[in-house]
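Visitor: Right, I'll just put the structure down here and ask away after.
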Amino acid sequence: MTMMTSFADWLTSSALGISLESGLGKSVQYFIADSITIILLLVLITHAMSLLRYYLPVEKLRDFLTSKKLYGSSYFFASLFGAITPFCSCSSIPLFIGFLEAGIPLGITFAFLITSPLINEVAVALMLGVFGWKVTLLYVVAGMTLGIFGGFMLGKLHMERYVADFVWKIKSSESSSQRKKKEPFSSVLRFTSKEAFSISAKIIPYVLAGVIIGALIHGYVPTGYFDTLISRSGIFAVPIAVLVGVPLYSNATGVIPIIESLIAKGIPLGTALSFMMAVVGLSLPEALILKKVMKWKLLAAFFGIVALGIMVIGYLFNFIRI
């Protein structure tokens with residue numbers, strides 16, 4: 001039990017006097033624990049990215065990813081970077097904004113955003129222990145392929161105009177920050193902190209809205225409801241698993257035990273993994289946060305392409321029968 005969970009338990013049961021066994025108690029406890037955790041992550045990551053943009057030559061990363069010498073492998077390297085960064089779907093969004101601010105093309109940026117929540121080192125280690133190296137390797141390859149393919153497709157749609165205006169305004173102010181690199185660290189910290197809090201303030205209301213929805217599901221949807229729904233869906237189990245996974249929210253590490261229990265109950269591997277990928281890569285909280293940095297058409301294209309890719313992966317894993 002984490003410190004944040006313990007605090008949420010105490011605040012719900014002792015301070016607010018709500019039973020942790022009730023639907024309301026479960027919802028309140030979930031909201032307190034998750035909202036504080038995600039907001040802290042968001043603030044820390046936006047600060048880290050602001051400092052990173054200030055001190056590191058982000059232009060070199062941009063030049064590398066857009067170099068003609070890569071012969072079209074820019075999407076692969078962006079997806080690889082996403083795979084080695086330990087972020088969930090919500091906490092990877094500040095990095096997504098940072099990529100765009102640096103001038104990295106939208107499609108390449110999406111390759112990172114798609115892959116980052118699907119694959120991380122801890123989840124890979126857990127999958128090795130639970131499913132073995134063959135399933136783990138195929139999952140990593142499938143996750144990176146989805147990032148590469150999804151980013152490439154979104155890049156070809158040329159939807160830059162559907163990115164929120166404030167993102168490009170931050171980009172236009174970047175040159176002024178570059179000229180201040182010789183200032184004392186205290187001045188740099190004030191500058192970057194102001195920028196980080198400005199970005200966080202725009203995103204936090206959407207985080208809270210998403211967590212509220214997740215809390216209501218956590219508190220009032222009966223245990224085993226999703227398991228039963230998926231197992232009774234036959235040939236439509238994969239798309240239903242994706243649709244059912246979207247309202248939920250977790251990182252890859254947290255959802256692996258759920259996948260293990262689904263497979264133990266007889267649900268095919270591909271169906272279970274498609275559910276996992278939807279939970280970690282297409283969560284409703286992520287959609288609500290992304291709505292602040294992109295417009296509906298781009299958000300719909302992103303979710304549609306990724307959802308379709310997850311379904312294809314699910315059917316392939318079921319067909320292969322590892």
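Visitor: Using modelled amide H (1.01 Å from N, peptide plane; none on Pro or chain starts), what sits under 5 Å from the amide H of M294, excluding residues fewer than 5 places away?
Guide: The list, which skips near neighbours in sequence, is A164.
Visitor: Go through the stretch 296-306 residue by residue and turn each phi into a ³J(HN,Hα) via Karplus (6.51, -1.76, 1.60, θ = phi - 60°); whole Hz please, and just put x for glycine and proline.
Guide: Karplus values, whole Hz, x for Gly and Pro: 4, 5, 5, 4, 5, 5, 4, 5, x, 5, 5.
Visitor: Between S198 and T145, how high is the FRET efficiency from 1/(1 + (r/R0)^6) when r is the Cβ-Cβ distance and R₀ = 45 Å? Nearest 0.05.
Guide: Working from the Cβ atoms, E equals 0.80.
Visitor: For a protection proxy built on the mean count of beta-carbon atoms within 10 angstrom, sort 128-135, 100-107 highest first, please.
Guide: The most tightly packed comes first, giving 100-107, 128-135.
Visitor: For the stretch 160-165, take each phi angle, set θ = phi - 60°, evaluate the Karplus expression 6.51 cos²θ - 1.76 cosθ + 1.60, and give the result in whole Hz per residue in order, putting x for glycine and proline.
Guide: 4, 5, 9, 7, 4, 4
Visitor: Kindly write out, for the stretch 105-112 in residue order, the coupling ³J(HN,Hα) from the Karplus curve 6.51 cos²θ - 1.76 cosθ + 1.60 (θ = phi - 60°), rounded to whole Hz, with x marking Gly and Pro.
Guide: So the J values, rounded to whole Hz, are x, 4, x, 5, 4, 5, 4, 5.
Throughout, read-outs are computed from the coordinates displayed, never taken from laboratory work. Being a predicted model, the structure only gives us computed values, none of them experimental. Here the Cβ is made from the backbone with ideal geometry for all residues, glycine too, and neighbour counts use every protein chain on show.
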